[in-house]
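Enquirer: Right, I'll just put the structure down here and ask away after.
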Amino acid sequence: MRRAALSLTFLALALVAAPAFAKSTDRQQPMDLDADNMDALLTDDSVSVLQGNVRIRQGSLEVDADKAEIHRKAGEIDRLVLTGAPARLRQVSDQGEPMDASAAQVVYNTSSEVMVLTGNVIINQPRGNLRGETVKYDMTTGRVDGGGDGKRVSMRILPKTAAPAPAPAPAPTN
């Protein structure tokens, strides 16, 4: 059970976005995880699954999803998959700027430091927003790549002197 708890801890740590979007002190904060149920195999090469009202909180990081899969190889987190209607990540930067992202699926590969959001992707920040069906975010370089899937990508970039972008509309409840 202790190793499962450590796996979940690594999951939340890995979800912390790159320094430009993440509050640097978040990784030193206590982490709270809960879900309706968990199925974990306590081996170095395994998949652990949290399902039903998954909530992960650490500092300013807030993750809500219907399901979280933690893929481990050789004892290390290799890949994380969040799914939901939508899965949602929120975090505040060191500058106090909020980031709110939602998508049907979020896949984070730890070795490449690449996060891919698919399915009605919406990313809101104070200076604008990005929408599309597929958005790839390289956490090492900060490069964002949208589209390439036959669907259009739309962005709104506000002038530096403009008021912050309006908060995103609440997600519809089913």
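Enquirer: Condition first: at pLDDT 85 or above, among the polar types (S, T, N, Q) and out of contact with any Phe, Trp or Tyr (no Cβ under 7 Å at 6 or more places or on another chain). Now tell me which residues in the range 82-110 satisfy that.
Expert: Scanning the range 82-110 gives Thr83, Ser102, Gln105, Asn109.
Enquirer: When you scan the range 68-78, do you find a residue that is modelled with pLDDT under 85, surrounded by fewer than 18 Cβ atoms within 10 Å (Cβ to Cβ) and in a strand (DSSP E or B), even just one?
Expert: yes
Enquirer: Search the range 136-174 for residues being of a type in the set (S, T, N, Q) and within 21 Å of the chain's Cα centre (by Cα), and hand back the single one that is modelled with the lowest pLDDT.
Expert: Checking each candidate, the answer is Thr173.
Enquirer: Scan the range 115-143 residue by residue and report those that are within 20 Å of Gln95 (Cβ to Cβ), part of a strand (DSSP E or B) and not hydrophobic (A, V, I, L, M, F, W, C).
Expert: Scanning the range 115-143 gives Asn124, Gln125, Gly128, Asn129, Tyr137.
Enquirer: If you don't mind, there's one more thing I want to ask. Taking Pro86 and the conditions (1) within 28 Å of Gly146 (Cα to Cα); (2) out of contact with any Gly (no Cβ under 8 Å at 6 or more places or on another chain), which numbered condition does it fall short on, given that it satisfies the others?
Expert: Against the list (1) within 28 Å of Gly146 (Cα to Cα); (2) out of contact with any Gly (no Cβ under 8 Å at 6 or more places or on another chain), Pro86 comes up short only on (2).
Enquirer: Among the residues of the range 130-141, write down those that are under 15 Å from Tyr108 (Cβ atoms) and surrounded by 12 or more Cβ atoms within 10 Å (Cβ to Cβ).
Expert: The answer is Thr134, Val135, Lys136, Tyr137, Asp138, Met139.
Enquirer: Which one of the conditions (1) farther than 26 Å from Gly150 by Cβ; (2) without any contact (Cβ under 8 Å) to a residue 60 or more places away in the chain; (3) buried (at least 21 other Cβ atoms within 10 Å of the Cβ) does Gln91 fail to meet, given that it meets all the rest?
Expert: Condition (2) is where Gln91 drops out.
Enquirer: Regarding Arg127, is this residue of a type outside the set (Ser, Thr, Tyr), at pLDDT 90 or above, surrounded by fewer than 21 Cβ atoms within 10 Å (Cβ to Cβ) and farther than 27 Å from Asn37 by Cβ?
Expert: no
Enquirer: Can you spot a residue in the range 41-53 that is over 11 Å from the mean Cα position of the chain (by Cα), crowded, with 16+ Cβ neighbours inside 10 Å and either modelled with pLDDT under 85 or not in a strand (DSSP E or B) (or both)?
Expert: no
Enquirer: Looking only at the range 83-106, count how many residues are within 21 Å of Lys23 (Cα to Cα) and either assigned to a strand (DSSP E or B) or in contact with a helix residue (DSSP H, G or I) (Cβ under 8 Å, 6 or more places away or on another chain) (or both). Give the steps one after another, and end with the answer.
Expert: Start the filter on the range 83-106 by keeping residues that are within 21 Å of Lys23 (Cα to Cα), which leaves 87-102, 106.
Now narrow it down to the ones that are either assigned to a strand (DSSP E or B) or in contact with a helix residue (DSSP H, G or I) (Cβ under 8 Å, 6 or more places away or on another chain) (or both): 87-92, 98-102, 106.
The qualifying residues number 12.
The values are calculated or read from the model by the stated rules, or taken from the named source; none is laboratory data. Quick caveat, the model's predicted, so the values are computed rather than measured. FYI the Cβ positions are ideal-geometry reconstructions off the backbone, even for glycines, and counts take in every protein chain you see.
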